[in-house]
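The values are calculated or read from the model by the stated rules, or taken from the named source; none is laboratory data. Being a predicted model, the structure only gives us computed values, none of them experimental. Every residue, glycine as well, gets a Cβ built from its backbone with ideal geometry; the counts of neighbours run over all protein chains shown. SASA here: full protein model, heavy atoms, side chains in, ligands and nucleic acids out. Shrake-Rupley method; radii C 1.70, N 1.55, O 1.52, S 1.80 Å.
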Amino acid sequence: MDPLKDRLPLRTPLSAHQHEPVLDVVVPVFNEERDLEMSVRRLHAHLRETFPYPFRITVADNASTDATPLTAAQLAAELPEVEWLRLDEKGRGRALHVAWSGSTAPVLAYLDVDLSTDLAALLPLVAPLISGHSDIAIGTRLARGSRVVRGTRREVISRCYNALLRSTLAVGFSDAQCGFKAVRRDVAVRLLPLVQDSAWFFDTELLVIAERAGLRIHEVPVDWVDDPDSRVDILATALADLRGIARIGRHLARGTLPTAGLHRSDDKPPGDLIGQLLRFGAVGAVSTIGYVLLYALLRPAAGPQAANALALLTCAVANTAANRRLTFGLRGRGGALRHQAKGLLVFAVGLALTSGSLAALHHFAPAAAGSTEIGVLVAANLAATLVRFLLLRAWVFPNRRRGTGSTAA
C-alpha cells in the first residue's frame, strides 16, 4: 500500500485569474439584529476595496429568535456577494461546520459579527493560504505586535486559558479563541469531520488536531477591541472548555487523537525518528563529555552529590537548548521558557537515576575509587539519556510543523 495515498496533496498557490469566489468569510450570528447590518456592510465594503480576488460573505444564522434572519435575507438580496443560511440549532462550531462544509471557495474564514478584530488583518490572514504557504491561519491577541483593548477580567481569563492549553496539551499556537481564523478548503474537508465540539471549544479542538497532524499554522498579530456588549456566558463557556480539554487530553494520553489523512504528501515521515536519534546522540555525546569534565572540576570542592547535581543541571539547560534547535528543528524564542521548564523536569528524572546510582555505589562500596564513581555515573547517564530522548520527543517537543508567523516556531 502506498503510504502517501491518503495524504493531503501538495500546497499550491491559487491562480490570480479567478471567476468564482476564492474566499468565503462566514459570520456566525445568534440574535444579532442590532449589529448585523452595519457589520456586514462594513465587511463588504472593506473586501471590495482591498481584496484582489472574488469573495463571498456567508451569514450563518444559528437559531436566532429575533429579526436576525430577516436582516440577513435583506442583505443577501441587496448585496451580490452576500449569502445567508439558517440553522435550527445553536452553536458557533455547528454554524462554522455547516457553512464551511457547504462552501466551494478554496479559502474559508470566519470572524465575529462585532468586528472586534481590525479588518486590516484580514488580507494578511488569508494571504499565506492563497499563496500555498500555510494550511490554517489564526489571529492572535497575545503575540508581540498585537494591540488589545479589553477589560482586566477578560484579559486574565484569556491568558489563563491559553496558558492552560500550553501546559496541559502542549500546544504551540498562542491564541485559541480569537474569532478570526481561516483554513484551506482541502484541509477543512478532512479536518471538520474529526472535530466533535459544536460550540465554543470548536476552535481549540480544530487547532489541536491540526497541529498534532503536522499542519502548518500561521499566526497574525491583530488589533482587537473588546465588545462591551458581548453576551457570551463566561462561566458556562469556561466549564465547557475544561471538559473539552479533558477529552482531548485523554485522546492524547491514549494516542487516539484522529489525525489520519491530514499529513501532506511532502511531509517527512512523522517524527523523522532516525534523523532525530542521530542528532540527539551527537548532542548527548557532547553533553556527556561536558558533564564528566564539570563533575571532575566541581567534585573536590563540592562533594560528589552536589557536584553531580550542578554538573547535570548546567548540562541539562544546554542540552535542552541544543536539542530544541538541532534535533527537533525549533528556532526563535517563542516557547523557549516553556521548553526549558519541561526540560528541567526531564532533568529531574536524570538526576534521580544518577544520584540514586551514586548513592547505591557508596552504600555497597564506600571506598570506591573516583574512576569507579565516574564509570557508574556514565552508565547511569546513558540510561537517563534514553529516557530523556523519549520524554523530549513525546512531551517537550511533540512533532508538529508551524508557520513562520507562529510565535512558537
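Scanning segment 119-134 for residues that are more than 22 Å from residue 208 (Cα to Cα) and in a loop (DSSP other than H, G, I, E, B) turns up just one, 131.
Candidates 75, 85: the one that is outside any loop (DSSP other than H, G, I, E, B) and either under 28 Å from the mean Cα position of the chain (by Cα) or over 26 Å from residue 195 (Cβ atoms) (or both) is 75.
Does residue 27 satisfy the criteria of being modelled with pLDDT of 85 or more, open to solvent by less than 20 Å² (accessible area, probe 1.4 Å) and under 19 Å from residue 132 (Cα atoms)? No; evaluated as a whole, the condition is false for this residue.
Note on segment 93-146: residues that are under 21 Å from the mean Cα position of the chain (by Cα), more than 16 Å from residue 55 (Cα to Cα) and not small (Gly, Ala, Ser) amount to 13. Taking residue 12 as the residue in question, decide whether it is without any contact (Cβ under 8 Å) to a residue 60 or more places away in the chain and of a type outside the set (A, V, I, L, M). It is false that residue 12 is without any contact (Cβ under 8 Å) to a residue 60 or more places away in the chain and of a type outside the set (A, V, I, L, M).
Of note, residue 123 does not satisfy the criterion of being closer than 15 Å to residue 183 by Cβ and either in contact (Cβ under 8 Å) with a residue 60 or more places away in the chain or open to solvent by 10 Å² or more (accessible area, probe 1.4 Å) (or both).
Residues that are part of a loop (DSSP other than H, G, I, E, B) and in contact with a Pro (Cβ under 6 Å, 6 or more places away or on another chain) within segment 51-72 comprise just one, 54. In the condition set (1) buried (at least 23 other Cβ atoms within 10 Å of the Cβ); (2) under 22 Å from residue 39 (Cβ atoms), residue 184 is compliant with all but (2).
Listed here are the residues, each with its yes/no results for (1) surrounded by fewer than 17 Cβ atoms within 10 Å (Cβ to Cβ); (2) small (Gly, Ala, Ser); (3) closer than 12 Å to residue 60 by Cβ.
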{"position": "86", "(1), (2), (3)": "yes, no, yes"}
{"position": "95", "(1), (2), (3)": "no, yes, yes"}
{"position": "103", "(1), (2), (3)": "no, yes, yes"}
{"position": "116", "(1), (2), (3)": "no, yes, no"}
{"position": "128", "(1), (2), (3)": "no, no, no"}
{"position": "133", "(1), (2), (3)": "yes, no, no"}
{"position": "142", "(1), (2), (3)": "no, no, no"}
